[in-house]
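Written below as structure tokens is the structure these notes are about.
Read-outs: derived from the displayed coordinates by stated rules, not from any lab. Predicted, not measured: the structure shown is a model, and the values here were computed from it. Positions of Cβ are backbone-derived with ideal geometry, glycine not excepted, and every protein chain shown enters the neighbour counts.
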Amino acid sequence: MDSCTCSLHCSCTNTGNSIIYVKIHETDEGDIIAMCDESLIGKVLEENDMVLDLKDYSDFYVGDLSDPEELFIPRDTKFNSANIVGEESIKSAIKNKLINEENIKSIMGVPYAHTYWMNPV
């Protein structure tokens, strides 16, 4: 993959770095951003009573392919929630101020974060 088209402001030229999927879901209640490391799509992560199914629910995450280091989400972009899975996606989400360190959890050693905003401005 040499390049991609991204609905957010990003330069998606693959520089050899990991690639992530970014997808925006528009709902009546507000927009949801989903980000996932490409390498995790198709996997089912299970730990204790937690399951993160990136196989059956891959459509939720699979959107535009983006270089996580180049992804730029404008500060005025508002989301009602963010669902972020994987090390590269987490780093990019922190850089873009979508999540904070305290939002991060882990399943089978894979970081993930789910964040909700009640009234995005």
**Message:** Quick check on this structure: which one of ASP59, ASP76, ASP31 is in a helix (DSSP H, G or I), of a type in the set (D, E, K, R) and on the phi < 0 side of the Ramachandran plot?
**Reply:** ASP59
**Asked** Out of curiosity, is SER58 more than 11 Å from the chain's Cα centre (by Cα), hydroxyl-bearing (Ser, Thr, Tyr) and surrounded by 15 or more Cβ atoms within 10 Å (Cβ to Cβ)?
**Response** yes
